[in-house]
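Here the structure is laid out as structure tokens; the discussion comes afterwards.
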């Protein structure tokens, strides 16, 4: 069983800043690395799992459909934040 949630990154940041005297920038970067490692591990574990009916847990057709849109949105967002800083929150 796999779970996801909100707020783990906040706790890691707090621990790194208060416990190990990281700066805010270093703490955020390290937190992204930790969270990426956890997401990658969860993906590798779930990649080949199947349900009781024999279907895969990961719908690769859906991944192939949504990934190009997600990547183009990421590129567009990077462009906006790089050249139009007044638009970013």
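Assorted remarks:
- Residues satisfying the stated conditions in the stretch 12-48, i.e. part of a loop (DSSP other than H, G, I, E, B) and either farther than 26 Å from residue 60 by Cβ or modelled with pLDDT of 90 or more (or both): 21, 22, 23
- Condition check for residue 43: in contact with a helix residue (DSSP H, G or I) (Cβ under 8 Å, 6 or more places away or on another chain), in the same structural domain as residue 10 (by TED's automatic domain parsing) and under 26 Å from residue 8 (Cα atoms): no
- Every condition in (1) out of contact with any helix residue (DSSP H, G or I) (no Cβ under 8 Å at 6 or more places or on another chain); (2) in contact (Cβ under 8 Å) with a residue 12 or more places away in the chain holds for residue 48 except the one numbered (2).
The values are calculated or read from the model by the stated rules, or taken from the named source; none is laboratory data. Nothing here was measured: the structure is a model prediction, and the numbers come from that model. For neighbour counting, all protein chains shown are included, and Cβ atoms are generated from backbone atoms with ideal geometry for every residue, glycine included.
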